[in-house]
Amino acid sequence: MRRNEFLLAPLIAALTALAVFTSSLVTAAPIRAEEFTCRGTVGARTVDNLRVPDGATCTLKGTKVKGTIKVERRATLFAYGVRVIGNVQAENARKVVVARSSRVGGSVQVVQSGVAKVRGSRINGNILFDDNSGLNVARRNVVGGDVQAFQNTGGVRIYSNRIDGNLQCKQNSPRPVGDHNVVQGNKEDQCRRF
């Protein structure tokens, strides 16, 4: 009996160590991307995700965002020469400006907000202006997807863009204005003559 116990002792110790190691794997916290809260000005630095909180103003100059920018209620974003891997998303924001050779890997989506301007930038996804009360401008951009303007009441101006998808405008009042857009897809509804 003692001989069997002597032989089993190393096996029991190994199994105990394995159980401890396995339980540490199960209880380890998942790695999460950090969210940077922006108030004020941020220069040429890299962050994971970026949030402009309620009522704040954030100015980005040459900033790289490895995730998404979210602009919250009554907040303002000025993004100049930025590199965003994900999207720029705003809902109920005061103002969103993406300009000066910015590059967005996803889409720029401004919904139920005030002013929205995308100028002189590369957007790999879509530009969406939806139900905004201020002036919406898309000018001199290269857009990999669609440019869409729906139900805006502050005016829409769409000029000199290269759009690989469609240009779609519906139920905007006043009617959008624009010209000199090169559209690979269709020009639809209120924008069909742009």
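Take segment 59-93 and flag every residue that is basic (K, R) and farther than 15 Å from D48 by Cα. Outline the logic, then answer.
Going through segment 59-93, the residues basic (K, R) turn out to be 61, 64, 66, 70, 73-74, 83.
Within segment 59-93, K61, R73, R74 qualify.
Beta carbons closer than 7 Å, at least 6 apart along the sequence or on distinct chains, pair a first residue in segment 39-59 that is at positive phi with a second that is of a type in the set (D, E, K, R) for G55/R74.
Scanning segment 136-155 for residues that are within 12 Å of V108 (Cβ to Cβ), of a type outside the set (A, V, I, L, M, F, W, C) and in contact with a Phe, Trp or Tyr (Cβ under 8 Å, 6 or more places away or on another chain) returns N136, Q148. Scanning segment 83-104 for residues that are surrounded by fewer than 24 Cβ atoms within 10 Å (Cβ to Cβ) and outside any loop (DSSP other than H, G, I, E, B) turns up R83, Q89, E91, K95, V97, A99, R103.
Only a single item in (1) of a type in the set (G, A, S); (2) at pLDDT 95 or above; (3) assigned to a loop (DSSP other than H, G, I, E, B) is not met by A29, and it is number (2). Of all residues in segment 105-124, those being in a strand (DSSP E or B) and buried (at least 24 other Cβ atoms within 10 Å of the Cβ) number 5. The single condition from (1) more than 23 Å from T63 (Cβ to Cβ); (2) surrounded by 20 or more Cβ atoms within 10 Å (Cβ to Cβ) that Q151 fails is (2). Criterion applied to R51, R74 was being farther than 14 Å from V108 by Cα, in a strand (DSSP E or B) and at pLDDT 95 or above, and the one residue passing it is R51. Of note, R157 does not satisfy the criterion of being on the phi > 0 side of the Ramachandran plot and touching a Gly at 6+ places or on another chain (Cβ under 8 Å). Against the list (1) farther than 19 Å from G178 by Cβ; (2) part of a loop (DSSP other than H, G, I, E, B); (3) out of contact with any Ser or Thr (no Cβ under 7 Å at 6 or more places or on another chain), the condition N152 fails is (1).
Can you find even one residue in segment 156-172 that is part of a loop (DSSP other than H, G, I, E, B) and closer than 14 Å to V108 by Cβ? Yes; the residues of segment 156-172 include at least one that is part of a loop (DSSP other than H, G, I, E, B) and closer than 14 Å to V108 by Cβ.
The values are calculated or read from the model by the stated rules, or taken from the named source; none is laboratory data. What you see is a predicted model, and the numbers here were worked out from it, not measured in a lab. Note that we place each Cβ from the backbone using ideal geometry, even for glycine, and neighbour counts take in every protein chain shown.
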